[in-house]
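K.L.:
Here it is: the structure, laid out below.
The values are calculated or read from the model by the stated rules, or taken from the named source; none is laboratory data. Note that the coordinates shown come from a computational prediction; the quantities given were computed from them, not determined experimentally. Note that we place each Cβ from the backbone using ideal geometry, even for glycine, and neighbour counts take in every protein chain shown. For accessibility, only protein heavy atoms count, side chains too; no ligands or nucleic acids. Shrake-Rupley method; radii C 1.70, N 1.55, O 1.52, S 1.80 Å.
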Amino acid sequence: MRIFGFSLPIIISGLACAAPPALADACNVKCTTGQQNCVAAALYPYVPNIDDFANAICSAWTDEAPNQQLYLIKDGTVWDGGYTSNPVYTDGSGNQTPIDVFTYDAMYLEYWESQTTPVPANYITDAGDFADYATARLVTAGDAMTALPMLGCTNLMFYRSGDGGLDDVATFTEYLDTNGSNIFKSPVPFDDTGAMYDMSGKTTAGVDYMIYGYINSGAYPSMTGALDDTIISALTELSLRSSYYNALTGAIPPLPDIDNSYIRAGYLSDGYGRTTIGFSESMSQMSDATLDIIKLKAFPWSTTDSTKNMFYSDVVGVNNASPALGQGNDAPYLLANLMTRADVMQASIAPSASDVSYLFPARKSVLANLARTYPPYEQMQTVLNDRPTELVVMPTTDRTAFHTFGGTVRDTVKTDFSGSCDLESSDIISSNTSASQVCTPLCQNSGGWSGSWTNQSPPAWPGYSACGCNTCTQNSPVPTQELHNMSVAKDPENPVHLRYQRN
């Protein structure tokens, strides 16, 4: 993975933050059943730099709690951020044991708040430093907090400096008007035109549906009964500003040295597309030259001038079933606070002057400090401060039902999609004559050939020729019999739960 940064030192609370030491052996050792003074914590796995988080947390804990063993869980197959996982792990005795502390996506707060115990106020360092969207929802009786916010994120629109049309976009309608429909039909746009957005994940589609409905009506729409045609139409129009593959199946050629979770940012950095919608950490995949000219603003979900920005957050919760708490050990509270403390967050997001992830901290002081060193953080600070903010919390305690609901939303939008699509042929096209010979039969069951073709990669798949077909009939432009032999940025048949894609 490429991580780009600047060469200036980072200063917080008067101290320079150097890169922390390698993760200590102690933080790789599992607790054993019944062991005293041992606590296990699961990190949010879908960040560009999970080892930086582990190093910063382990280093601080080792210094401050030398008599308390810490086991850090970084494996996304054990803990996936709370989308489907349960907070248990196989401990050093071979038993399934509750994880004491875990970081989860607060979009499922209503599910997790019944399974976690609030962190008492006397354990929390500078609660007033947390972003307003977090404290407004997470503070409980006696200034305790349901969970402690670590990271925030909101849908951001990235584009290049000098694009006055996108500078002026302030509403969802203006976004649609500024970015034409069906500009590209390949997985990747031609040159610097076209918008890119991934709503192929079921959870992404479900959350987008709910946020659009909430912002434009003041209430979250129902998850039962018929879908709202107005919302589906809006999401269909949004997908039409991208392409069928880019928006609704996620089948995109990989790029060397680019994390597939942030593939659209990689293509934008390489000069493809006019804009892409994503989270701030997408910028970790952009070149220094692109970062010098990148502009960002909150994506406008409102059809009128929006009054608020909706923020997701990754928060740290203490398990009701924590073995440590059950032993009368308050280490889980101490650890939750340490994991979200300003100095630890600073070291997790930017452990050295040349290593920055562009994650959006949930502490205002860390954001302000990063803004003094890294120019994109100045724009992120504006996004946080220029409008009221609110935490995204889905009105459900059923994760499985919401995932299913999101799948219904996505599949309905796919059905409504009216643009055209490319299909790829391994027979390389050499002329208009050969294009007709290759594309006419290829597009026979896809609405017929539109007359367009290209060998250029991208947008054609590397080593293939692309034929423009009039309708979209399959999840990948690559012939299905060859797809299993290829590496794609995201296999739509085997989705994973990624922060960026929110499947």
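K.L.:
Regarding segment 468-480, can at least one residue be identified that is outside any loop (DSSP other than H, G, I, E, B) and either among the charged types (D, E, K, R) or open to solvent by 40 Å² or more (accessible area, probe 1.4 Å) (or both)? Before the answer, list the steps.
P.N.:
We begin by selecting, within segment 468-480, every residue outside any loop (DSSP other than H, G, I, E, B); these are 468-469, 480.
If we keep only those that are either among the charged types (D, E, K, R) or open to solvent by 40 Å² or more (accessible area, probe 1.4 Å) (or both) too, we end up with 480.
Yes; the residues of segment 468-480 include at least one that is outside any loop (DSSP other than H, G, I, E, B) and either among the charged types (D, E, K, R) or open to solvent by 40 Å² or more (accessible area, probe 1.4 Å) (or both).
K.L.:
Which is under 21 Å from A134 (Cα atoms) and either out of contact with any helix residue (DSSP H, G or I) (no Cβ under 8 Å at 6 or more places or on another chain) or polar (S, T, N, Q) (or both), of Q346, Q285?
P.N.:
Numbers: Q285 fails: under 21 Å from A134 (Cα atoms).
Unique residue meeting the criteria: Q346.
K.L.:
Does segment 384-394 contain any residue that is within 18 Å of L138 (Cβ to Cβ), part of a loop (DSSP other than H, G, I, E, B) and open to solvent by 30 Å² or more (accessible area, probe 1.4 Å)?
P.N.:
We begin by selecting, within segment 384-394, every residue within 18 Å of L138 (Cβ to Cβ); these are 384, 388-394.
Filter once more, so that each one left must be part of a loop (DSSP other than H, G, I, E, B): 388, 392-394.
Keeping just the survivors that are open to solvent by 30 Å² or more (accessible area, probe 1.4 Å) gives 388.
The answer is yes, given that some residue of segment 384-394 is within 18 Å of L138 (Cβ to Cβ), part of a loop (DSSP other than H, G, I, E, B) and open to solvent by 30 Å² or more (accessible area, probe 1.4 Å).
K.L.:
Here is a follow-up. Only one residue in N337, N329 is in a loop (DSSP other than H, G, I, E, B), closer than 17 Å to T116 by Cα and open to solvent by 10 Å² or more (accessible area, probe 1.4 Å). Which one?
P.N.:
Numbers: N337 fails: in a loop (DSSP other than H, G, I, E, B).
Going through N337, N329 in turn, the sole match is N329.
K.L.:
Can you tell me which residue within segment 281-321, out of those that are hydrophobic (A, V, I, L, M, F, W, C) and either part of a loop (DSSP other than H, G, I, E, B) or over 20 Å from the mean Cα position of the chain (by Cα) (or both), is nearest to E378 (Cα to Cα)? So that I can check it myself, show each step before the final result.
P.N.:
Keep residues of segment 281-321 that are hydrophobic (A, V, I, L, M, F, W, C), which gives 283, 286, 289, 291, 293-294, 296, 298-299, 301, 310-311, 315-316, 318, 321.
Filter once more, so that each one left must be either part of a loop (DSSP other than H, G, I, E, B) or over 20 Å from the mean Cα position of the chain (by Cα) (or both): 286, 289, 293, 299, 301, 318, 321.
On the way: M286: 17, A289: 17, I293: 13, F299: 17, W301: 22, V318: 33, A321: 41 Å.
Looking at residues that are hydrophobic (A, V, I, L, M, F, W, C) and either part of a loop (DSSP other than H, G, I, E, B) or over 20 Å from the mean Cα position of the chain (by Cα) (or both), I get I293.
K.L.:
So which residues in segment 81-97 are more than 21 Å from L338 (Cα to Cα), in a loop (DSSP other than H, G, I, E, B) and either open to solvent by less than 20 Å² (accessible area, probe 1.4 Å) or in contact with a Leu (Cβ under 7 Å, 6 or more places away or on another chain) (or both)? It would help to see each step written out before you state the result.
P.N.:
Start the filter on segment 81-97 by keeping residues that are more than 21 Å from L338 (Cα to Cα), which leaves 83-86, 88-97.
In the following step, the residues that additionally are in a loop (DSSP other than H, G, I, E, B) were identified as 83-86, 91-95.
Y83, S85, D91 - these are the residues of segment 81-97 that are more than 21 Å from L338 (Cα to Cα), in a loop (DSSP other than H, G, I, E, B) and either open to solvent by less than 20 Å² (accessible area, probe 1.4 Å) or in contact with a Leu (Cβ under 7 Å, 6 or more places away or on another chain) (or both).
K.L.:
What are the residues in segment 156-170 that are open to solvent by 10 Å² or more (accessible area, probe 1.4 Å) and under 22 Å from the mean Cα position of the chain (by Cα), if any? Let's see the steps before the verdict.
P.N.:
Quick first cut of segment 156-170, residues open to solvent by 10 Å² or more (accessible area, probe 1.4 Å) only: 160-165, 167-168, 170.
Scanning segment 156-170 gives a single hit, R160.
K.L.:
I would also like to ask the following. Looking only at segment 222-278, which residues are over 21 Å from K202 (Cα atoms) and acidic (D, E)?
P.N.:
Result: D257, D270.
K.L.:
A further question on this structure: Could you count how many residues in segment 329-363 are closer than 21 Å to D105 by Cβ and either hydrophobic (A, V, I, L, M, F, W, C) or within 23 Å of the chain's Cα centre (by Cα) (or both)?
P.N.:
Number of matching residues: 17.
K.L.:
Does at least one position in segment 404-415 carry a residue that is modelled with pLDDT under 95 and within 30 Å of S222 (Cα to Cα)? Working first, answer last.
P.N.:
If we filter segment 404-415 for residues that are modelled with pLDDT under 95, which is where we start, we get none.
No: zero hits.
K.L.:
OK, next. Could you please tell me which pairs satisfy a Cβ distance under 7 Å, a separation of 6+ or placement on different chains, a first residue in segment 395-409 that is farther than 16 Å from I232 by Cα, and a second residue that is open to solvent by less than 30 Å² (accessible area, probe 1.4 Å) and in a loop (DSSP other than H, G, I, E, B)?
P.N.:
Listed pairs, sorted by first residue: R399/Y83; F402/M394; F402/T396.
Here's the yes/no breakdown for (1) among the acidic types (D, E); (2) farther than 21 Å from L248 by Cβ:
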residue	(1), (2)
T408	no, no
T415	no, no
G419	no, no
L423	no, no
D427	yes, yes
C443	no, no
G447	no, no
S450	no, no
W453	no, yes
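K.L.:
Is it the case, given these coordinates, that Y358 is in a strand (DSSP E or B) and either charged (D, E, K, R) or modelled with pLDDT of 95 or more (or both)? Can you show your working first?
P.N.:
Values: in a strand (DSSP E or B): no; either charged (D, E, K, R) or modelled with pLDDT of 95 or more (or both): yes.
Taking the combined requirement at face value, the residue does not satisfy it.
K.L.:
For A219, state whether it is of a type in the set (G, A, S), out of contact with any Phe, Trp or Tyr (no Cβ under 8 Å at 6 or more places or on another chain) and closer than 30 Å to L70 by Cβ. Steps first, answer last, please.
P.N.:
Details: of a type in the set (G, A, S): yes; out of contact with any Phe, Trp or Tyr (no Cβ under 8 Å at 6 or more places or on another chain): yes; closer than 30 Å to L70 by Cβ: no.
So A219 does not fit the description; no.
K.L.:
Determine which single condition E378 fails, assuming it passes every other condition in (1) crowded, with 24+ Cβ neighbours inside 10 Å; (2) without any contact (Cβ under 8 Å) to a residue 60 or more places away in the chain; (3) of a type in the set (D, E).
P.N.:
(1)
K.L.:
For segment 424-431, check the following and say yes or no: at least one residue is of a type in the set (G, A, S), over 24 Å from T236 (Cα atoms) and crowded, with 19+ Cβ neighbours inside 10 Å.
P.N.:
Just the residues of segment 424-431 that are of a type in the set (G, A, S), to begin with: 425-426, 430-431.
Keeping just the survivors that are over 24 Å from T236 (Cα atoms) gives 425-426, 430-431.
Okay, now just the ones that are also crowded, with 19+ Cβ neighbours inside 10 Å, so 425.
Yes; the residues of segment 424-431 include at least one that is of a type in the set (G, A, S), over 24 Å from T236 (Cα atoms) and crowded, with 19+ Cβ neighbours inside 10 Å.
K.L.:
Given the condition touching a residue at least 12 places away in the same chain (Cβ under 8 Å), within 25 Å of K308 (Cβ to Cβ) and surrounded by fewer than 16 Cβ atoms within 10 Å (Cβ to Cβ), answer yes or no: does some residue in segment 115-128 qualify? Step through it out loud before you land on a result.
P.N.:
Going residue by residue through segment 115-128, those that are touching a residue at least 12 places away in the same chain (Cβ under 8 Å) are 115-121, 123-127.
This time we only want the ones that are within 25 Å of K308 (Cβ to Cβ), so: 126-127.
Keeping just the survivors that are surrounded by fewer than 16 Cβ atoms within 10 Å (Cβ to Cβ) gives 126.
The answer is yes, given that some residue of segment 115-128 is touching a residue at least 12 places away in the same chain (Cβ under 8 Å), within 25 Å of K308 (Cβ to Cβ) and surrounded by fewer than 16 Cβ atoms within 10 Å (Cβ to Cβ).
K.L.:
Working only within segment 271-301, note down all residues that are small (G, A, S) and crowded, with 18+ Cβ neighbours inside 10 Å. Full working, then the answer.
P.N.:
The first filter runs over segment 271-301 and keeps only residues small (G, A, S), leaving 271, 273, 278, 280, 282, 284, 287, 289, 298.
Within segment 271-301, G273, G278, S280, S282, S284, A298 qualify.
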